[in-house]
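Notes to accompany the following structure.
Coordinate-derived values only; no laboratory data. These figures come from a predicted structure and were not determined experimentally. Quick reminder, even Gly has a Cβ in these numbers, built from the backbone with ideal geometry, and neighbours come from all protein chains shown.
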Amino acid sequence: MNIEDKSVCKRVDIGGQAVMEGVMMKGPKAIAIAVRRPDHTIVVRHEESHSPAQKHPWLGWPFIRGAVSLFTMMVMGMTTLQQSTNMLGILDEEPTKFEKWLSKTLGKSIDKIVMGTAVILAVALSIGLFFMLPEVFGKFLKGFWPDASMSWLINLLSGIVRIIILIAYILFCALVPDVRRTFEYHGAEHKTVYCHEHNLPLTPKNAQQFSTLHPRCGTSFLLLVFVISIILFSIMGYQGNSYIWRLLSRLALLPVVAGLSYEALKGLAHSESRLARALRWPGMQLQRLTTRPPTDEMVECAIVAMNVALYGMPAHAKRTPEGWAILHSYAESDPSYQPPVETADAEPVNTVPGKAPIAAAGGTQPIAAAAD
């Protein structure tokens, strides 16, 4: 196993995302996705990750990194969802003739075409729901309050409509059984991140004691974006009667809103002052809609993703033709795990991280102890 200094890994912020029947974790240098297959094995993939700021340092500057993060989060989110679906091994359908023609014509794999289309549709849906629709409402209010002095009230009410649409959208998605399960994996991700941040051994028992609500969650980020947008749109946005100019001015301000929201989220997440707790409380409560209490099996997936993102792929694990590791227990992803040792006249020795190995009944004494 490729193992980095564990003491260093324990001190970094880890981000994550719930995916189809699993969890993605993003470490300082790698991304790992772990999914639970129908046969109950855990399949995990590992990829090196390089932030845009590593190539262009200015993209990591405060207030700029927020806009970059908003875009990369969307692309990464769609990509990991597609990858997790492929890893489940339940969609092995032969591409249709049209899909083959489209792939040949565009010179891209069908997966990349589907992913690009999904990103475009997601952006279009976001603009339609959270910008165009609220601005229609704002234009309607303009008919009642044409005076410029009432612009702040129109922006406030339009912003409230935007937040109501967000909540309604989440509630609608939660009606889908697969989405509800994804919300449970979202809870597993948060519990595992908390366990990591408290420097506890990554086990389901340790992780389950924590909350499913986390201050660095993307749900909280979205709410901050919506709240800060109300203020910025009132100060810097176009306040006239033209619907198109109102819409375009707000879209143009979105990178500024994202930059401010990102810095606010980071600041509030790493502060325990009364003011910080009060300001992040609404976002934490909104997470009650996007997280659910997970099962131990779901937490195990999150633990595997965390370990692999931090320490690399288990060298002892069997691999699929795609290069993904197949694990039968979350413990196999721990850097201290030792695979069972087979002796000439004994059953395999069971090895558990943190404990001395125990030979099967009638077996010989194990030749090595598990590493701490």
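Using a cut-off of 15 Å between beta-carbons, work out the net charge of the residues near Val161 (Lys and Arg +1, Asp and Glu -1, Val161 not included). Spell out each step's value before the answer.
On the way: positive: Lys139, Lys142, Arg162, Arg246, Arg250; negative: Glu135.
Value of the local net charge: +4.
Going by a ≥ b ≥ c, the root eigenvalues of the Cα gyration tensor, does region 103-239 fall in the rounded group (a/c under 1.5), the prolate group (a/b larger than b/c) or the oblate group? Walk me through the numbers on the way to the answer.
Working: a/c = 2.64, a/b = 1.43, b/c = 1.84.
In terms of gyration-tensor shape, oblate.
What order do you get for Glu297, Glu272 when you list them from fewest to most C-beta neighbours inside 10 Å?
Numbers: Glu297 14, Glu272 7.
Ranking Glu297, Glu272 by Cβ neighbours within 10 Å, fewest first, gives Glu272, Glu297.
Return Phe63, Phe131 ranked ascending by Cβ neighbour count within 10 Å, so the fewest neighbours appear first. Mind dumping the intermediate values first?
Working: Phe63 13, Phe131 19.
Fewest-to-most ranking of Phe63, Phe131: Phe63, Phe131.
Please identify which residues in region 217-232 have an amide N closer than 20 Å to a label point set 7 Å out from the Cα of Trp281, following the Cα→Cβ vector.
217, 219-228
Give me the distance in nm between label points sitting 7 Å out from Cα along the Cα-to-Cβ direction at Lys205 and Val341, one decimal.
Label-label distance for Lys205 and Val341, simple model: 2.5 nm.
Among Lys55/Lys191; Lys26/Lys55; Lys26/Lys191, which pairs are too far apart, with a Cα-Cα distance over 21 Å? Each step should come with its number before you reach the end.
Working: Lys55/Lys191 32 Å; Lys26/Lys55 18 Å; Lys26/Lys191 15 Å.
Violating the 21 Å limit, Cα to Cα: Lys55/Lys191.
Based only on the alpha carbon positions, what is the Kirkwood hydrodynamic radius of region 223-266, in angstrom? All intermediate terms of the calculation are to be shown ahead of the outcome.
Working: mean 1/r = 0.0944 Å⁻¹.
Kirkwood hydrodynamic radius for region 223-266: 10.6 Å.
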